[in-house]
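Before any comments, here is the structure.
Taken together, the values in this text are just the output of simple stated rules run on the coordinates, not laboratory data. Quantities reported herein were computed from a predicted structural model and do not represent experimental measurements. A quick note on method: Cβ atoms are made from the backbone with ideal geometry, for glycine too, and the neighbour counts reach across all protein chains shown.
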Amino acid sequence: KILITGALGQIGSELTAEMRKIYGSSNVVASNRSMKKGHEELIESGPFEIIDINDPVTLSAAVDKHKINTIVNLAAILSAIGEKDPQQCWNINMNGLYNVLETARERNCMVFTPSSIAAFGPSTPKDNTPQETIQRPNTMYGVTKAAGELLCDYYYKKFGVDTRGVRFPGLISYKTLPGGGTTDYAVHIYYDALKNKKYTSFIRKGTYMDMMYMPDALSAIIDLIEANPQRLMHRNAYNVTAMSFDPEMLADSIRKFIPEFELLYDVDPIRQEIADSWPNSLDDSAAREQWDWNPKYDLQSMTKDMLEKLRVKLDVREPAGK
Ligand code: VAH
């Protein structure tokens, strides 16, 4: 049985629904450190627990109560919020992860923890970033992602805990808004494109970052969890990507559906500095070779699907005569 922490977040809310479809609702326990409105269906469609991963007692009690053998640890503070409150970022992303790993060690659970392109820093080769390379991130979030990778590998090597992870790029989805990251511009732009036919980007023109549509991110998690461990030469954490673009390329893909869309800029120096410290594009050949990673969505097909789904969600009608 699977426990998902941070199940009401951007990845967790969709992963919970997808895993419940695949494995059966009663086999997927969703948890979050607090209730959030707008997730009633998720909370009612299967087991739900309030778990703060900084409280090892409730964490291990829930693992015992539900006989959990796989923990998907999505509870985390993201990059931009992490720079506003670095202490909380360390506490949740590292002390929380430590509690998850200790619980998994004592109870023989598999642990999936996402890392991020944020685990790389300014001295990392930026183009076609290798699976194994320099990792000197200079954000607290990035420090916790790089340290988290090392801690998960340590628990695998030292204690035999089956730990696995991927380095996610920016994730784009229409169901749940992202939780305070640097790549969030690539989600908000779609909402504003439909509501106002224009968007003001806090990331500068020409800033390339890896990105991925949420359906591919969910496949990455499920495929890696189900992968044959004998094939896994790396564990924490695999580079995975689906596309790399800058705000202008994203705006061009939107203009194919909303020709009058206008992209403006009001660069946020803090999030721009974070974005500048990350790679432009990852080499994800290790994931492709070792567990058949193969994303389905590119920029064009993602934009088409995002706009179609958001038109329904926001109740924004297709312009007449389209
Ligand atoms: C963030 N969306 O912006 C997250 C992610 C690669 C970016 O880690 O912090």
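Any idea what angle helix 10-23 forms with the longest principal axis of the chain, computed on alpha-carbon atoms, 0 to 90 degrees, nearest 10? Between the helix axis and the principal axis of the chain, the angle is about 60 degrees. When peptides 135-146, 199-210, 5-16 are sorted by average Cβ neighbour count within 10 Å, with the highest value leading, the order is 5-16, 135-146, 199-210.
Near SER277: Cβ cut-off under 12 Å, other residues only, Lys/Arg at +1 and Asp/Glu at -1. The net charge is 0. Between THR200 and LEU264, the built amide H atoms are under 5 Å apart, and every one of these is 5 or more places off in sequence or on another chain. Normalised by residue count, segment 68-223 yields a Cα convex hull volume of 127 Å³ per residue.
Normalised by the number of residues in the chain, the mean separation of alpha-carbon contacts (under 8 Å, six or more apart) gives a relative contact order of 18 percent. Dipole check for segment 151-201: with +1 at the C-beta of Lys and Arg, -1 at the C-beta of Asp and Glu, and the Cα centre as origin, the magnitude is about 80 Debye. Angle check, please: helix 185-196 long axis (alpha carbons) against the longest principal axis of the chain (alpha carbons), in degrees 0 to 90, nearest 10. It works out to around 40 degrees.
Close amide H pairs (under 5 Å, H built 1.01 Å from N) link THR124 with ARG136, residues at least 5 positions away or on another chain. Under 5 Å between amide hydrogens, built in the peptide plane, is the criterion, and for GLY170 it picks out ASP210, MET211, MET212 among residues at least 5 positions away or on other chains.
Restriction of the GluC sites (Glu not before Pro) in segment 243-302 to DSSP coil positions whose beta-carbon has at most 15 other beta-carbons within 10 angstrom yields GLU260. Restricting attention to segment 242-311, which trypsin sites (Lys or Arg not before Pro) occupy a DSSP loop and are surrounded by at most 13 other Cβ atoms within 10 Å? The qualifying sites are LYS256, LYS296.
Among all lysine pairs in segment 128-250 that are eight or more places apart or on different chains, how many have alpha carbons less than 23 angstrom apart?
Numbers: LYS145/LYS157; LYS145/LYS158; LYS175/LYS195; LYS175/LYS197; LYS175/LYS198; LYS195/LYS205; LYS197/LYS205.
Lysine pairs, 8 or more places apart or on different chains, close enough: 7.
Considering only LEU310, ALA242, ASN91, the residue lying farthest towards the positive end of the dipole of the chain is LEU310, judged by Cα position with unit charges set on Cβ.
Using the Karplus relation 6.51 cos²θ - 1.76 cosθ + 1.60 with θ = phi - 60°, the per-residue 3J(HN,Hα) values for segment 127-136 come to 9, 6, 3, x, 4, 10, 7, 5, 10, 10 Hz, with x marking Gly and Pro.
Measure nothing but the geometry: give the 0 to 90° angle between the long axis through the Cα atoms of 96-107 and the longest principal axis through the Cα atoms of the chain, rounded to 10°. Value to nearest ten degrees: 40. Segment 160-230 to segment 1-41: how many Å between their Cα centroids? Measuring centre to centre over Cα atoms gives 18 Å.
Cross-link partners for LYS65 among the aspartates and glutamates, with Cα-Cα distance under 14 Å and sequence neighbours closer than 8 places in the same chain left out: GLU49.
Under a model in which nothing but the beta-carbon of Lys, Arg (+1) and Asp, Glu (-1) is charged, segment 13-158 shows a dipole of about 200 debye around its Cα centre.
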